[in-house]
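The values are calculated or read from the model by the stated rules, or taken from the named source; none is laboratory data. Here the structure is a predicted model, which means the values were calculated and not measured. Every residue, glycine among them, receives a Cβ derived from its backbone with ideal geometry; neighbour counts consider all protein chains shown.
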Amino acid sequence: MFTKILIANRGEIACRVIKTARKMGIKTVAVYSDADKDARHVELADEAVHIGPAASRESYLVAEKIIAACKQTGAQAVHPGYGFLSENAEFSKRCEEEGITFIGPKHYSIGAMGDKIESKKLAGAAGVNCIPGVNDAIETPEKAVEIAKGIGYPVMIKASAGGGGKGLRVAFNDKEAFEGFSSCRNEARNSFGDDRVFIEKFVEEPRHIEIQLIGDSHGNVVYLNERECSIQRRHQKVIEEAPSPFISDATRKAMGEQAVALAKAVQYESAGTVEFVVGKDQSFYFLEMNTRLQVEHPVTECITGLDLVELMIRVAAGEKLPITQADVKRDGWAIECRINAEDPFRNFLPSTGRLVSFRPPSETMFAADTSQLHGVRVDTGVVDGGEIPMFYDSMIAKLIVHGTDRHDAIAKMRDALNGFVIRGISSNIPFQAALLAHPRFVSGQFNTGFIAEQYGKGFRAEDVPHDDPAFLVALAAYVHRRTLSRAVGISGQLPGHGVTVGQQFVVVGLGTEGNNTHHPVVLSAFNADTGVASVQVGERSYTLQCQWHLGGTRLRGTVNGQAFSAQIERGLPKNPLAIRVAHNGTQFDSLVLTPRAAELYQLMPYKAPPDMSRYILSPMPGLLVDVAVQVGQKVQAGERVAVIEAMKMENVLFAAADGVVGKILANKGESLTVDQPIVEFA
């Protein structure tokens, strides 16, 4: 067995590998870029090596720097995690040539399966069902349009070396095929150094279901059941679960056996995943094989009780698999939510900066420890006060729950999300909470188009009506009353002139454009010591008993005897007296006033924000990689104006209306902040 391994990655997956290595008594080496010098994975490892500038193409993607770090530290093996060099056949081969064990498949397996064009040919030869398409690399956008028309729209344009949603577009017409081809090529070149692109038929209403494999160097391969990964946004997975609520045991067995046959055909070792597109009649087609550990591997670990990272390390060390197919369990139900640094209320644009507060829910399950299941687990690579840089992907944590069944797992996940506190940057937690409450998700009746269908115009707070809005009003009033209790207890008040608090309040719900709502509330029987209060909102009555302190962001307690978690924020940028209550994906902003103050507040005029329609503003922090217009140029609505790169994704900004460019306010290569003006129209 190895005594020291190097993790050629960063973030949560580097931390995840370190935990298993520590459990096995193996020392670890971290590598880090300039942007990651204070990162959590650097702190957790036994030693760390600096490998270059922040840009991944100058650090984490440079194979020679990784190999040099191995030699410098005496690391006998490299675990690549996922992304970066994990599916780079040349890197795997170079490690072997240098006498360094690659904790993953052999280079010839990566070469065969990691290339999506070649893998489809091999899959077809092995008798695996394949989707109609053209598997040869396409050279020009004109040729892409010609091929797409021949296959028939819609089509999927994909980078051969792609993954994680990078270098992938769906086209429904000639224009989208032409533009999608160019974008895919650019993203693939920047992310993977390989700009080959191919096209295949897009199966409408598909489900994305994948089979987890593990193989050893002795010819043994088993499948570890399936994962349901159909909840996707822009082809990136948002929620994963195991098992799938859709397929039958017979389909599961057939998919698993095909996946194993394909793996054996390429002499596959280590962990890998065969992805399938599954039709509503449970017909399935080979999509691709990921020759690495998947982001969503924890849900498989929960239902099987296996540590996949440990199995990868043992297989790489030459050991036989300790299990046969008959030994693979399927216990309970696991769900994973990817917690991303993005703003769901601004069309999911990346959000970077400092984590002013990062307080995940309490863990009862832990990475590298499958003895404690049926609980909550958080895999992350960040800490409170840490920085979310713009150079890497947007995922900052994975929240995993394991329940006795799907209903139990959903309930655990909703509660865990309610208690997951992130401040300083925006996160997609409200969106995740909304998805988990959606009737189609709860019923299991969804496909990969679910998010696009339900939230095609974006995600807004009003898209997630709370099942009991009066409860949010009651919570706001309760928090305000708890705040006032501190003022009541301040010493030194003049006798007869101390602070007194009544029982009647008006909670003013702060709507857009001054469209506020007023909710009379009676709050009685308040006890500051026990946290108990009775709250009457209209005809609704609530008995609250809560654990919350002034300044706290997480509130836990019971309402009418039922446990709940919510988040509280006092003081908002546009209104320092406001109270924000967040629960089950809904955010409720309010002012809690006395009845007289509420009357006066209604007389306050609404101040409209300044008109910024003449400007193209940066919707996110990022790098301005292109300004496609010039001063004096006439621009039509929908015309490309600028391109911003953030978290490895290109974001194109288009003109909202016809106009003439008056000023260019930002230069190519400039780092932009949110809402920074780029172009002003005359």
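Restricting 71, 106, 93, 120 to those that are over 30 Å from residue 385 (Cβ atoms) and modelled with pLDDT under 95 reduces the list to 120. If the condition is being under 31 Å from the mean Cα position of the chain (by Cα), assigned to a loop (DSSP other than H, G, I, E, B) and surrounded by 13 or more Cβ atoms within 10 Å (Cβ to Cβ), then region 622-638 contributes only 628. Reported count of residues in region 226-283, each being of a type in the set (D, E, K, R) and touching a helix residue (DSSP H, G or I) at 6+ places or on another chain (Cβ under 7 Å), is 6. Among the residues making up region 16-35, a single one is without any contact (Cβ under 8 Å) to a residue 60 or more places away in the chain, in a helix (DSSP H, G or I) and farther than 15 Å from residue 80 by Cα: 34. Against the definition (under 14 Å from residue 566 (Cβ atoms) and at pLDDT 90 or above), how does residue 474 come out, yes or no? Criteria met by residue 474. State all residues of region 224-243 that are closer than 20 Å to residue 326 by Cα and surrounded by fewer than 22 Cβ atoms within 10 Å (Cβ to Cβ); if no residue qualifies, say none. 225, 243, listed by residue number.
Please go through region 553-602 and give me each residue that is among the hydroxyl-bearing types (Ser, Thr, Tyr) and part of a loop (DSSP other than H, G, I, E, B), ordered by number. Scanning region 553-602 gives 553, 594.
Each residue in region 118-142 was checked for being in a loop (DSSP other than H, G, I, E, B) and closer than 22 Å to residue 255 by Cα, and 6 of them qualify. Restricted to region 186-201, and to residues there that are surrounded by fewer than 20 Cβ atoms within 10 Å (Cβ to Cβ) and of a type outside the set (S, T, N, Q), the residue that is farthest from residue 101 (Cα to Cα) is 201. Using the structure shown, decide if residue 232 is modelled with pLDDT of 95 or more and either closer than 17 Å to residue 442 by Cα or of a type in the set (D, E, K, R) (or both). The answer is yes for residue 232.
Filter region 507-549 for residues that are among the β-branched types (Val, Ile, Thr), exposed (fewer than 11 other Cβ atoms within 10 Å of the Cβ) and not in a loop (DSSP other than H, G, I, E, B) and give the result. The answer is 512, and nothing else. Listed by first and then second residue, the pairs with beta-carbon distance under 6 Å, at least 6 apart or on different chains, first residue in region 480-501 and part of a loop (DSSP other than H, G, I, E, B), second β-branched (Val, Ile, Thr) and at pLDDT 70 or above, are 499/488.
Looking only at residues of region 554-568 that are more than 11 Å from residue 583 (Cα to Cα) and hydrophobic (A, V, I, L, M, F, W, C), we find that the one that is surrounded by the most Cβ atoms within 10 Å (Cβ to Cβ) is 559. The single condition among (1) assigned by TED's automatic domain parsing to the domain that holds residue 551; (2) hydroxyl-bearing (Ser, Thr, Tyr); (3) touching a strand residue (DSSP E or B) at 6+ places or on another chain (Cβ under 6 Å) that residue 483 does not meet is (3). Each residue in region 268-304 was checked for being over 22 Å from the mean Cα position of the chain (by Cα), modelled with pLDDT of 95 or more and polar (S, T, N, Q), and 2 of them qualify. Among the residues of region 57-88, those that are in contact (Cβ under 8 Å) with a residue 40 or more places away in the chain, surrounded by fewer than 22 Cβ atoms within 10 Å (Cβ to Cβ), more than 19 Å from residue 2 (Cβ to Cβ) and of a type outside the set (A, V, I, L, M, F, W, C) comprise 57, 82.
Of the residues making up region 113-144, those that are out of contact with any strand residue (DSSP E or B) (no Cβ under 8 Å at 6 or more places or on another chain) and buried (at least 23 other Cβ atoms within 10 Å of the Cβ) number 0. Name the residue that is nearest to residue 393 (Cα to Cα), counting only residues in region 186-211 that are charged (D, E, K, R) and out of contact with any helix residue (DSSP H, G or I) (no Cβ under 8 Å at 6 or more places or on another chain). This residue is 187.
Which of the residues spanning region 181-199 are in contact with a Leu (Cβ under 9 Å, 6 or more places away or on another chain) and among the acidic types (Asp, Glu)? Passing the criteria: only 187. Put simply, of 110, 66, 13 the only residue that is out of contact with any Leu (no Cβ under 9 Å at 6 or more places or on another chain) and not in a loop (DSSP other than H, G, I, E, B) is 110.
Just one residue in the set 310, 336 is among the charged types (D, E, K, R), touching a residue at least 60 places away in the same chain (Cβ under 8 Å) and closer than 16 Å to residue 225 by Cβ; that residue is 336.
Considering 619, 610, the condition of being in contact with a Lys or Arg (Cβ under 8 Å, 6 or more places away or on another chain) and either within 30 Å of residue 654 (Cβ to Cβ) or assigned to a loop (DSSP other than H, G, I, E, B) (or both) is satisfied by 619 alone.
Quick one: is residue 384 closer than 18 Å to residue 567 by Cβ, in a loop (DSSP other than H, G, I, E, B) and either among the polar types (S, T, N, Q) or not assigned by TED's automatic domain parsing to the domain that holds residue 53 (or both)? Spelling it out, residue 384 is indeed closer than 18 Å to residue 567 by Cβ, in a loop (DSSP other than H, G, I, E, B) and either among the polar types (S, T, N, Q) or not assigned by TED's automatic domain parsing to the domain that holds residue 53 (or both).
When residue 204 is tested against (1) surrounded by fewer than 21 Cβ atoms within 10 Å (Cβ to Cβ); (2) not in a loop (DSSP other than H, G, I, E, B), only condition (2) is not met.
Of everything in region 569-602 that is of a type in the set (Asp, Glu) and buried (at least 16 other Cβ atoms within 10 Å of the Cβ), the residue that is nearest to residue 416 (Cα to Cα) is 569.
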